[in-house]
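These notes are about the structure you will find just below.
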Amino acid sequence: MSPHVWQRIEVWVAAICTLGIYSFLYRENRFYRFFEHVFMGVAGGWGIVTTWTQVLRPMWWEPMKAGFSAVRTGHGDPWGALWVLALPLGSMWYFTYSRRYVWISRVIFGFFMGATAGMGFRAFVGGQMPQLVSSFKPLNSPNNVVFVVTLVCVMLYFFFSFERKNAVVRHGATVGRWLLMVAFGAMFGNTVMARMSLFIERFQFLAVQWLGLKGG
Amino acid sequence: MAHRENTNQGFWQRAQTIDRRYLFVLLVVAVALPSFVRISIPVHVFDDTMGVYRSIEGVARANTGKRYRKMVLVMCDWGPGSKGENWPQTESVIHHMLRRGVPFMIMGIDTVGPTLAEGMAERIAPRYGRRYGIDWVSFGFRYFGDPQLLSFVKDIPGFVQRDIHGTPVAKLPVMAGIHDMSDVPLLIDVAAGPEVDRWIRLAQPTYRFKAAFGATAVMAPAYYPYLDSGQLSGLLVGMRGGAEYEELLGAPGQATQGMTLQSMAHLLVAALVILGNIGYVVGRRARR
Amino acid sequence: MTPRRIIATVTFLAGLFYFLEYMLPARIAGVTVPLSQWRVGLGNFMAVLGAFAIGMGWFHLLRGQWRNLVTGQDRSSSIGFFCALAAILYFGFRNELEGAKAPAWVHMGFDLTFNYVFMPLVATVFSLLAFYIVSAAYRAFRIRTWEATLLMGAAFIVMLGQVPVGGWLTAWVPVKWLQLPYLGAWLLGVPNSAAQRAIGFGAAVGALAISLRIWLNLERGAFFSTEGK
Amino acid sequence: MLLISAAVLASITRARRGRQLYLRAIPGFSAVDEAAGRATEMGRPVLFSVGLGGVDSITVLTGMTVMQHVGRICARMGARCIVPIDGPSAYPLAQEVMREVWESEGRPESFRADDVKYLTGGQFAWAMAVMGLMTRERVASAFYFGYYGAESLMLAETGYQVGAVQVAGTPDLYQAPFFVVACDYTVFGEEFYAASAYLSREPTMVGSLVGQDLGKMLLLGIAVAGVVLATLVHAGLISANPLVPLLSQ
């Protein structure tokens, strides 16, 4: 098969996939359901492929193999063989299916959550301190006044544990919610562009690559 | 007259409840329109985009006459999902660096972004007589959790070891004099997600590099505070950022064209919202 | 030691490493603290352990799809699922592992499944949002309440300000910052930025509190109360 | 940071000793019970999603606390509760939690293990499968409690299309606008964590929330003090010199 013909077939397949998904916009149908499942198949399968080729093979399999050959031949670094221990440790995840030994899987969950938690401290200081310092704005321009007012009011909105008896706090929190709505609106408006560009990309594919129309 | 008023209200009532499928058709029409009618609207360059441009210019100036040139790290943390936005951004910054002779390395936490970025560089490089290994290098996809990031910034050659073609770092001229993140004065993260956060949080306080972010329009608003605090020195906002950068480079491309289609789609949404609201007000008045 | 203790200890130690690694200076009284040097190894170790988790859930997914295939309920979809899975596994592995040595038809097959099935599917599903955002905006942006109006107003300005047409529509306005692109950028840059920061402080304190609760084994809830039965 | 940590720990200890601490009502939260009840009347299922992520993700765990609550109402009223799971590691836990709920309500026979579904990990493949599921099952109410990416609006619009009452909760603010626009009730930001504390009334969580408030007050205080100082410096009323090292940190 010539590369050109193959290329045409590929474009056709892609176009059918695209239209299959878009058919959902009309209503749920068998055609869509088919591509829904195809998608689950490829996405899941690709996850398996990348996990092996990008993580397990270079970071675990190769060093382990090198380690064992070092143990056998006496050349190189034998410590890599210790990676074999990752196998029983990694299989601990699967105890989650056993009702009796479920706690074994919790050990590894705990390990990950603990590490994440430990890194949390560094993230807090590194991420929030510059933000806090740059909030020290002199109230010398309308922008800075709006900024500080918004900051204070929105923070007031997120206090949960005391009654809002004080009028300043109560109104501040209400204004905070309004300002949040403004921020949400701004984010929404901003997202319109992002979403449109996705569709435009697809549209250009269908129009130019598939149907061969010249783009405007 | 009364009859006429009724049909009027009927129209506004209906304007409030248009079936979504008609909306979808309208959207397709709006986007297709510029393919047939020529419409062009000038692009305005905002400060956030200028910031990225200036940062690269800054590296170019600092490198002048130095034996070991400092590098820019381009993280391509994007995949097919955000190609429409991230592609033009990546292409523009790579174009800029190749034009100015700023050496850079490509890497990413997605398999797709780095591959496509490499292709862009291959395509543009000959125009300016730049060569792989001397002016730029690609390390491809890397698994990059927080721990990996921390080890990367500490010892770059030790972490990457080989480039995508399997060449050891020691044999790449462009990597000469690059040890840790303090040899990389600028990070450009083009991403669909919040990956740049981690660089700012975990590495920037120690290594003091500048960071620029090629963001999807969704992510962008969250990063204005970083721009304000100087943690980010530039921000490319979605397709708009790409189009503005193309404008700065004087090389209009995919994003510039896309922005015209954008304009049409946005006008449609605006028109629909106005229509719905008129319907709502008229309807409320009628009920009174 | 009870299982519960073991879990709590492992969690604490994992957290302690990163906590100390961050808090301790690189040298104490002339002795180098090696924690930072171990960071790379530990990072790789975690990546590997994390990767082992991939098999979870697959059993259930395959069982469900297999059942559909056998019972004939929605058979065509399940056929699609298995074909797609087999294709990506076969071509994906051969393409990734053999690289340039693989025969041409493997490359062609991989190109088809990856670049012309997987990629378009991801991009198309994502792009459905363009349609949904139109219908959501049309449906929800009504001046029903004060809050809804604020939301709508801000969205409207930013949306139009982001595209060239917004600038073009309001180019006649004499005060520059009242033109749509500037107004939109202001909304994003000032109130939005401040609101985000305020939210960020709250979320960061929340995250810190949760880190602390997990680290010190104080957390209760769905996961933790069923621990060690 | 240490001060904030101390405040959190102190409040947790206080709450665990049995001190009743105040929590403000979260708007729209009573809607949870109402929306769950609606499904029974209509004879259609409820959908509860804990969002993206595995069991090492804190939002998934928090979402499951709310899921327990909703599941209990469903079990009591005899409605089905469908739980589509994205992260493989969250799957067994979700099933375990739901089974326990049905058992504790005394109706283990009506628990359908298949209603807790694992749908491939991978954001959009998952989202697509959930959208298909929602339309095919014609869910009466939908709950989204957890971390979501761009699929938030896909789910919420599909839910609207099938006529479901929708309640969303997400700590992540990028998606809050879409939930706010498309759902009937939404809690966002820290409210998400507060919501689970509110429902569970677990002293640790309530106490932690109070501690977090103290922490935020500290940050707010610093910010306000900083603003005042910066203004004074700017106005030339005080000299900036002693502040320079502080600000440059």
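Structure notes:
- Tally, over the range A:152-175, of residues that are open to solvent by 20 Å² or more (accessible area, probe 1.4 Å) and modelled with pLDDT of 85 or more: 5
- Boolean, A:Gly47 is out of contact with any Lys or Arg (no Cβ under 9 Å at 6 or more places or on another chain) and either in the same structural domain as A:Leu198 (by TED's automatic domain parsing) or open to solvent by less than 30 Å² (accessible area, probe 1.4 Å) (or both): yes
- When restricted to residues that are within 13 Å of chain A (Cβ to nearest Cβ) and not in a helix (DSSP H, G or I), the range D:178-210 contains 5.
- The residue that is farthest from B:Leu149 (Cα to Cα), counting only those in the range C:4-57 that are among the charged types (D, E, K, R) and facing chain B (nearest Cβ under 10 Å), is C:Glu21.
- Only residues that are more than 7 Å from every other protein chain (Cβ to nearest Cβ) and open to solvent by 40 Å² or more (accessible area, probe 1.4 Å) were counted across the range A:138-151, and they come to 3.
- Any hit, the range A:206-216, residues being surrounded by fewer than 24 Cβ atoms within 10 Å (Cβ to Cβ), facing chain C (nearest Cβ under 8 Å), over 22 Å from C:Ala148 (Cβ atoms) and touching a residue at least 40 places away in the same chain (Cβ under 8 Å): no
- Any hit, the range B:210-218, residues being of a type in the set (Lys, Arg), under 15 Å from A:Met196 (Cβ atoms) and out of contact with any Lys or Arg (no Cβ under 7 Å at 6 or more places or on another chain): no
- Test: residue in the range B:98-121 that is without any contact (Cβ under 8 Å) to a residue 24 or more places away in the chain and either open to solvent by 40 Å² or more (accessible area, probe 1.4 Å) or away from chain C (no Cβ under 14 Å) (or both): no
- Hits in the range B:41-77 - residues which are within 17 Å of B:His179 (Cβ to Cβ) and either of a type in the set (Asp, Glu) or open to solvent by 80 Å² or more (accessible area, probe 1.4 Å) (or both): B:Lys66, B:Arg67, B:Tyr68, B:Lys70
- Taking helices (runs of 4 or more DSSP H) as the structural unit, those lying wholly within the range C:8-105 and holding at least 1 residues that are of a type in the set (Asp, Glu) and either modelled with pLDDT of 80 or more or within 29 Å of B:Val112 (Cα to Cα) (or both) correspond to C:75-98.
- Failed item in (1) part of a helix (DSSP H, G or I); (2) open to solvent by 10 Å² or more (accessible area, probe 1.4 Å), with B:Ser82 passing the rest: (2)
- Residue match in the range B:207-214 (condition: of a type in the set (Lys, Arg), touching a strand residue (DSSP E or B) at 6+ places or on another chain (Cβ under 6 Å) and open to solvent by 40 Å² or more (accessible area, probe 1.4 Å)): yes
- Of all residues in the range B:226-251 being of a type in the set (S, T, N, Q) and at the interface with another protein chain (Cβ under 10 Å from one of its Cβ atoms), the one that is surrounded by the most Cβ atoms within 10 Å (Cβ to Cβ): B:Gln231
- Residue match in the range B:215-225 (condition: out of contact with any His (no Cβ under 8 Å at 6 or more places or on another chain), in the same structural domain as B:Trp78 (by TED's automatic domain parsing), open to solvent by 30 Å² or more (accessible area, probe 1.4 Å) and more than 22 Å from B:Gly101 (Cβ to Cβ)): no
- Scan the range C:1-60 for residues that are basic (Lys, Arg) and either within 22 Å of A:Met119 (Cβ to Cβ) or surrounded by 15 or more Cβ atoms within 10 Å (Cβ to Cβ) (or both) and the total you get is 2.
- Checked against the criterion of being closer than 25 Å to C:Gly50 by Cβ, under 20 Å from the mean Cα position of the chain (by Cα) and among the aromatic types (Phe, Trp, Tyr), the candidates B:Phe213, B:Phe141 yield just one match: B:Phe141.
- Pair list, Cβ < 9 Å and 6+ apart or interchain, from the range A:71-96 residues that are farther than 19 Å from C:Ile7 by Cβ and open to solvent by less than 50 Å² (accessible area, probe 1.4 Å) to residues that are part of a helix (DSSP H, G or I) and among the aromatic types (Phe, Trp, Tyr): A:Gly80/A:Phe68; A:Ala81/A:Phe68; A:Ala86/A:Trp60; A:Ala86/C:Phe45; A:Ala86/C:Phe52
- Applying the set (1) open to solvent by less than 10 Å² (accessible area, probe 1.4 Å); (2) at pLDDT 80 or above to D:Ile4 leaves exactly one unmet item: (2).
- Index of the failed condition, A:Phe34 passing every other in (1) surrounded by fewer than 18 Cβ atoms within 10 Å (Cβ to Cβ); (2) at the interface with chain C (Cβ under 7 Å from one of its Cβ atoms): (1)
- Listing of helices (runs of 4 or more DSSP H) fully contained in the range D:77-166 that carry 2 or more residues being free of Cβ contacts under 8 Å to residues at least 24 places away in the same chain: D:90-104, D:123-137
- Residue list for the range D:141-158, restricted to those being among the hydrophobic types (A, V, I, L, M, F, W, C) and either more than 8 Å from chain C (Cβ to nearest Cβ) or in contact with an Asp or Glu (Cβ under 8 Å, 6 or more places away or on another chain) (or both): D:Ala142, D:Phe143, D:Phe145, D:Leu155
The values are calculated or read from the model by the stated rules, or taken from the named source; none is laboratory data. Small disclaimer: the values here were computed from a predicted structure and weren't measured. Backbone-built Cβ (ideal geometry, glycine too); neighbour counts: all protein chains shown. Side chains are part of the model used for accessible areas, which takes the heavy atoms of the whole protein and leaves out ligands, DNA and RNA. Shrake-Rupley method; radii C 1.70, N 1.55, O 1.52, S 1.80 Å.
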